[in-house]
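To keep things clear, I will list the structure first and then write my remarks on it.
Just so you know, all these numbers are worked out from the coordinates, no wet-lab data involved. Small disclaimer: the values here were computed from a predicted structure and weren't measured. When we count neighbours, we look across all protein chains shown, and the Cβ atoms used for this are built from the backbone with ideal geometry, even at glycine.
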Amino acid sequence: MLGTSTKFTSWPLGWPNNGYPGQQGPYYCSVGANVCFGRIIADVHYKACLYAGINISGTNAEVMPGQYEYQVGPSTGVDIGDHLYMSRYLLGRVAEDYGICISFAPKLFPEWNGSGCHTNFSTETMRAGTGGMAYIEKMMEKLSVKHKLHMSMYGEDN
């Protein structure tokens with residue numbers, strides 16, 4: 001079994017023990033042991049979600065070494081919350097088998113990109129071939145009025 005060491009660290013997977021890794025960029029959607037860290041966890045998590053009936057639709061390595069993103073959905077209404085919550089439980093459970101702790105923090109280091117829990121959604125009008133983009137732009141205008149309030153609710157470090 002991998003990761004059976006009892007030594008615990010909160011330092012990100014794939015990072016050198018005493019510093020920072022190479023420049024960000026080559027880790028995003030990466031392939032290769034020198035830039036891709038944690039793929040086994042991402043792959044096992046994906047399969048666990050499928051087996052559990054969670055609507056998971058993708059996964060990819062992110063800009064920061066050891067950081068992965070996965071997409072839950074498509075789902076309708078409040079079902080997305082159940083799928084997201086259970087997918088997070090399964091991720092923690094799978095990572096536990098590899099001696100890895102998961103962080104859902106949106107940004108671990110100020111100078112590195114973070115991918116947090118961003119949410120994508122769409123409506124029929126948004127997906128419409130004609131007028132969809134104009135509708136999206138109108139919605140963005142409405143959201144912009146309370147942008148600072150929305151960001152303050154998300155957290156001051158984000």
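Limiting things to C-alpha atoms, what are the Rg and the maximum Cα-Cα separation (Dmax) for the range 1-131, in angstroms?
That works out to 16.3, 57 Å for Rg and Dmax.
In the chain, which longest range has no chymotrypsin sites (Phe, Trp or Tyr not before Pro) that are both DSSP loop (not H, G, I, E or B) and surrounded by at most 10 other Cβ atoms within 10 Å? Write out the running numbers ahead of the final one.
On the way: sites that count: 8, 104, 121.
The segment 9-103 is the longest one with no such site.
Where does the chain land at 222 nm, in deg cm²/dmol rounded to the nearest 500, when only DSSP H runs of n ≥ 4 count, each adding -39500 (n - 2.57), divided by all residues?
Values: 5 runs with 58 residues, N = 158.
After summing the helix terms and dividing by residue count, I get -11500 deg cm²/dmol.
What are the GluC sites (Glu not before Pro) within the range 91-129 that DSSP puts in a loop, where the Cβ has at most 13 other Cβ atoms within 10 Å? Working shown, then result.
On the way: sites: 96, 111, 124; in loops: 111.
Of the GluC sites (Glu not before Pro), the ones in loops of the range 91-129 whose Cβ has at most 13 other Cβ atoms within 10 Å are 111.
Using the 10 angstrom Cβ neighbour count as an exposure proxy, how do 35, 94 rank, fewest first?
35, 94
Angle check, please: helix 39-52 long axis (alpha carbons) against the longest principal axis of the chain (alpha carbons), in degrees 0 to 90, nearest 10.
60
Pop a pseudo-label 7 angstrom from the Cα along the beta-carbon direction at both residue 118 and residue 98 and give the gap in nm to one decimal.
Taking the two extended label points, one gets 2.3 nm.
Given Cβ point charges of +1 (Lys, Arg) and -1 (Asp, Glu) and nothing else, what value in debye, to the nearest 20, does the dipole of the chain about its Cα centre take? Present the calculation step by step, with values, prior to reporting the outcome.
Values: 11 positive and 13 negative charges, 8 e Å.
Around 40 debye, computed over the chain.
Please compare each pair in 47/107; 107/142; 47/142 to a cut-off of 29 Å on the Cα-Cα distance and tell me which ones are over it.
On the way: 47/107 26 Å; 107/142 27 Å; 47/142 39 Å.
Distance filter (> 29 Å) returns 47/142.
How large is the translational diffusion coefficient of the range 68-158 in µm² per second when you combine the Kirkwood radius over alpha carbon pairs with Stokes-Einstein at 20 °C and 1.002 mPa s?
It comes out at roughly 133 µm²/s.
Using 0.36 nm per residue of separation minus the Cα-Cα distance, give me the extension gain between residue 126 and residue 142 in nm, one decimal. Each step should come with its number before you reach the end.
Numbers: separation 16, 0.36 × 16 = 5.76 nm, distance 1.49 nm.
Length gained between residue 126 and residue 142: 4.3 nm.
Once the Cα atoms of helix 79-97 and of the chain are each reduced to a long axis, what angle between those two axes, in degrees from 0 to 90 to the nearest 10, is obtained?
10
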